[in-house]
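My structure is below; once you've seen it, I'll send some questions.
The values are calculated or read from the model by the stated rules, or taken from the named source; none is laboratory data. Remember, it's a predicted structure, so these values are computed and weren't measured experimentally. In this analysis, Cβ positions are derived from the backbone assuming ideal geometry, glycine residues included, and neighbour counts consider all displayed protein chains. Calculation scope for accessible area: heavy atoms of the full protein, side chains included, ligands and nucleic acids excluded. Shrake-Rupley method; radii C 1.70, N 1.55, O 1.52, S 1.80 Å.
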Amino acid sequence: MSRMHKLSIAGLLSLTLVAVVACSGTEQGSEKDRRMAWWREARFGLFIHWGLYAIPAGQWGDETHHGEWIMNTAHIPVEEYEKLVDEFNPVEFDADEWARTAKNAGMKYIVITSKHHDGFCLFDSQYTDYDVMSTPFGRDIMKELSEACRRHGLRMCWYHSIMDWHHPDYLPRRGWETRSTEGADFDTYVGYLHGQVTELLTNYGPIGIMWFDGEWEGTWNHDYGQPLYDLCLELQPDVIVNNRVDKGRGGMAGITEDARYAGDYGTPEQEIPATGLPGVDWETCMTMNRHWGYNRLDLGYKSSEQLIRMLVDIASKGGNYLLNVGPTPEGLFPPESVERLKEIGAWMDVNGESIYGTSANPFSSLPWGRCTIKESRRKTKMYLHVFDWPEDGQLQVEGIGNRAVRAYLLADPGEKVVVKRSGTDLHLALPADPPDEACSVVVLEVRGKPVVYDRPTIEAASSILVRPLLVELKTGSEELTVRYTLDGTIPTAGSSRYADPISISSTTVVKARAFHRGRSVSGVAEAEFTEVDPVPAVRVEGLVQGVKIQTYHGDWNVLPNFDGLKMISTESVDGFGLQPGPRVEYIGHRFSGYIEVPGDDVYVFSLISDDGSRLWIDGRVVVDNDGLHGTLERSGNVALAGGLHRIVVEWFNKTGGAGLDVMFAPVGSRPGKIPGPALKHR
């Protein structure tokens, strides 16, 4: 059976060109705030991974560890995987039941896989018959679910994969595949992608989010990502687009800070950032067990208590929680998922006020739990999420300068909680037993904006300097004053008051302390900045532009010693990055050459890779990003004298996704790709 495309290539390319012409340009912050308002209020959504991969339920042959990547991880040829289309018949699917389950769990939006990496579409697409309409089920699942979401007051959102293992024009191929790449044209595939995105944003009413994925391979770049982002907003000006539409995601940490990359929010995957992502909208997506798609033997589910506390933790750091369910081949949510969603919903029925529309925790840490807040003109509600109920009944809120107005349990607002001040701390007298073992919420209302007595933070672009370096001191509360010293002494009320960034030009120890109404209220923050001599440049004659790339094949879990391996090929290329081609698995590259830096300075180098990579400058390791992992970014600084410096980048990929980017800039500047003329080799 061959699943062919329905529209002509010429029509697809025409659609793509129209989309590019319709680019919307730079968006003003207030307009983005308007689009993001409902999402920031929602805080909690349901992720659904569903497709043909639910049918084998994780098993292929004797192996039972597979999930939604089974086509790739089990090395299933396209023509074999296509046979699953004739088996897809989820007769138990009930869109209203799915929507009700999400709503009753306290969720505000649903993100579902309209198409995953295997290329199969859960919607009726005129661009391919590799979709749900070719199955025995024969109904447009996305249409039914979008209508059910509107009936139940949920936002309908699409997950749509940029990567497509089925489409004949998508590149690169999997390393194990036998399909030829001859005649394959990636731009033709991009036209197909734009056509399907247009369908999703035209045929199903208002859509809350376009949640892209699969952008990490070398064929996708900013020149494709920006027009796709612009197309989404042209079709639906209110839609939100995640940062995986472009290349700005820094691995599983999922953050886009660089304004050159398209995307409205960061997407950490299977992790919660330790301190959140301050100043950035973000959303953690996470599985309940170990797989995104259905695996019938995967019973490693997180407990309801864990999931509730994760929701609280994420909200306390200013993020959203996108919690995944992988439905069965019959179209049912696994009973373990249903049970947990029901228990989360019961908690949200009582405590949802402490999640929806809240802002991040103003405290750096709380020993007993987390905090979310809601500010009004004259007061702040602090929602104290207590994981560890105090045995003595006294909940201590350390380092807070506000006057308490009142306190009460969210589960019983009529029961007053007595608040007493002791120095810089507040003590709340709680009942002997918590209302909820997973997490009980105490509401503390205080006057004004939060005044928290955390020690200041000391921030600079680098801990080493060659030329003057700017150092910033920050505190979380506007009412606090920061005083500092540069001579190693402890700051006092008479020390210099911080107002503007401090310029230092030699080795210096900066110490800082917060003061409130003339008295010290925090510990002392300290950081040392060291003046260093830059590494001297080298003199090399007879260089040409670009770098040399050597290619090796092998099965590695960490970077090998390429010196001891047989080299498959060597050639000259313009810069660092993966070259288009059929092979992206069980492969390694060594890039070598020289980089010319403009002057004496400290430079930051970043490696973004899947799998491992390492970067040397003049024989010294500057960035080590080794090991088996998804797309992950690591950075390092080095002081260099103006001129030429030897640069080597090594990279390998085992299986699955592959990617490599090298970024560079003087500290304090925004990193970007190394300019072509700056790279040279023999």
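With the requirement that a residue be open to solvent by less than 20 Å² (accessible area, probe 1.4 Å) and of a type in the set (A, V, I, L, M), what does region 133-159 give you?
Once the filter is applied, which keeps residues that are open to solvent by less than 20 Å² (accessible area, probe 1.4 Å) and of a type in the set (A, V, I, L, M), region 133-159 yields I141, M142, L145, A148, L154, M156.
Within region 58-94, how many residues turn out to be open to solvent by 10 Å² or more (accessible area, probe 1.4 Å) and at positive phi?
2
Mind listing whichever residues of region 163-196 are among the acidic types (D, E), surrounded by 17 or more Cβ atoms within 10 Å (Cβ to Cβ) and either touching a residue at least 24 places away in the same chain (Cβ under 8 Å) or at positive phi (or both)?
If the condition is that a residue be among the acidic types (D, E), surrounded by 17 or more Cβ atoms within 10 Å (Cβ to Cβ) and either touching a residue at least 24 places away in the same chain (Cβ under 8 Å) or at positive phi (or both), then D164, E177 are the ones that fit.
Could you list, in sequence order, the residues of region 211-226 that are crowded, with 22+ Cβ neighbours inside 10 Å and of a type outside the set (F, W, Y)?
Selection gives E215, G225.
Okay, next question. Would you confirm, using the coordinates I've provided, whether V547 is loosely packed, with under 14 Cβ neighbours inside 10 Å, within 17 Å of A678 (Cβ to Cβ) and modelled with pLDDT of 95 or more?
When the stated conditions are applied, V547 does not pass them.
In addition: Does L297 meet the test of being open to solvent by 20 Å² or more (accessible area, probe 1.4 Å), out of contact with any Asp or Glu (no Cβ under 9 Å at 6 or more places or on another chain) and either of a type outside the set (V, I, T) or modelled with pLDDT of 95 or more (or both)?
So L297 passes the test.
Here is a follow-up. Evaluate the following for P172: is it touching a Gly at 6+ places or on another chain (Cβ under 9 Å) and either under 20 Å from E79 (Cβ atoms) or assigned to a loop (DSSP other than H, G, I, E, B) (or both)?
Spelling it out, P172 is indeed touching a Gly at 6+ places or on another chain (Cβ under 9 Å) and either under 20 Å from E79 (Cβ atoms) or assigned to a loop (DSSP other than H, G, I, E, B) (or both).
Quick check on this structure: which one of K511, K566, K548 is assigned to a loop (DSSP other than H, G, I, E, B) and either touching a helix residue (DSSP H, G or I) at 6+ places or on another chain (Cβ under 9 Å) or not polar (S, T, N, Q) (or both)?
Criteria check complete, one pass: K566.
What's the total number of residues in region 407-458 that are free of Cβ contacts under 8 Å to residues at least 24 places away in the same chain and under 23 Å from S364 (Cα atoms)?
4
Shifting gears a bit: Any idea which residue in region 95-119 is farthest from G51 (Cα to Cα), counting only those that are open to solvent by 10 Å² or more (accessible area, probe 1.4 Å) and among the polar types (S, T, N, Q)?
This residue is N104.
Would region 254-273 turn up any residue that is under 30 Å from D626 (Cβ atoms), crowded, with 22+ Cβ neighbours inside 10 Å and in contact (Cβ under 8 Å) with a residue 60 or more places away in the chain?
Scanning region 254-273, I find at least one residue that is under 30 Å from D626 (Cβ atoms), crowded, with 22+ Cβ neighbours inside 10 Å and in contact (Cβ under 8 Å) with a residue 60 or more places away in the chain, so the answer is yes.
Kindly list the number of the only condition in (1) more than 34 Å from the chain's Cα centre (by Cα); (2) surrounded by fewer than 19 Cβ atoms within 10 Å (Cβ to Cβ) that fails for E472.
Just one mismatch for E472, condition (1).
Suppose we filter region 24-60 for residues that are within 29 Å of D118 (Cα to Cα) and modelled with pLDDT under 95; how many remain?
0
Another question, if that's okay. Test each condition in (1) outside any loop (DSSP other than H, G, I, E, B); (2) closer than 29 Å to G106 by Cα for G205 and report the one that comes out false.
(1)
Does L465 count as open to solvent by less than 20 Å² (accessible area, probe 1.4 Å) and over 20 Å from P367 (Cα atoms)?
When the stated conditions are applied, L465 passes them.
Looking at region 228-250, which of the residues that are farther than 28 Å from L145 by Cα and either touching a Phe, Trp or Tyr at 6+ places or on another chain (Cβ under 7 Å) or at pLDDT 95 or above (or both) is least open to solvent (accessible area, probe 1.4 Å)?
G248
Let me ask something additional. Scan (1) surrounded by 15 or more Cβ atoms within 10 Å (Cβ to Cβ); (2) under 11 Å from I458 (Cα atoms) for the single condition I504 breaks and write down its number.
(2)
Per-residue answers, yes or no, for (1) touching a helix residue (DSSP H, G or I) at 6+ places or on another chain (Cβ under 7 Å); (2) within 18 Å of G214 (Cβ to Cβ):
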{"residue": "P56", "(1), (2)": "yes, no"}
{"residue": "W60", "(1), (2)": "yes, no"}
{"residue": "T64", "(1), (2)": "no, no"}
{"residue": "I70", "(1), (2)": "yes, yes"}
{"residue": "V78", "(1), (2)": "no, yes"}
{"residue": "L84", "(1), (2)": "yes, no"}
{"residue": "F88", "(1), (2)": "yes, no"}
{"residue": "A95", "(1), (2)": "yes, no"}
{"residue": "W98", "(1), (2)": "yes, no"}
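Okay, residues lined up against (1) part of a strand (DSSP E or B); (2) at pLDDT 95 or above; (3) open to solvent by less than 40 Å² (accessible area, probe 1.4 Å):
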residue: I373; (1), (2), (3): yes, yes, yes
residue: T380; (1), (2), (3): yes, yes, yes
residue: Y383; (1), (2), (3): yes, yes, yes
residue: N402; (1), (2), (3): no, no, yes
residue: V419; (1), (2), (3): yes, yes, no
residue: L428; (1), (2), (3): yes, yes, yes
residue: P435; (1), (2), (3): no, yes, no
residue: V443; (1), (2), (3): yes, yes, yes
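Would you tally the residues in region 550-581 being open to solvent by 70 Å² or more (accessible area, probe 1.4 Å) and in contact with an Asp or Glu (Cβ under 9 Å, 6 or more places away or on another chain)?
3
I need the full set of residues from region 385-396 which are touching a His at 6+ places or on another chain (Cβ under 8 Å) and open to solvent by less than 10 Å² (accessible area, probe 1.4 Å), in order please.
Matches in region 385-396: L395 only.
Quick one: which of S609, S669 is among the hydroxyl-bearing types (S, T, Y) and surrounded by 18 or more Cβ atoms within 10 Å (Cβ to Cβ)?
S609
Further, regarding this structure: For the structure I just gave you, tell me whether S364 is within 30 Å of the chain's Cα centre (by Cα), polar (S, T, N, Q), open to solvent by 60 Å² or more (accessible area, probe 1.4 Å) and closer than 30 Å to W38 by Cα.
yes
Taking into account only those residues within region 274-294 that are assigned to a loop (DSSP other than H, G, I, E, B) and open to solvent by 40 Å² or more (accessible area, probe 1.4 Å), which is modelled with the highest pLDDT?
Once the filter is applied, the top-ranked residue is Y294.
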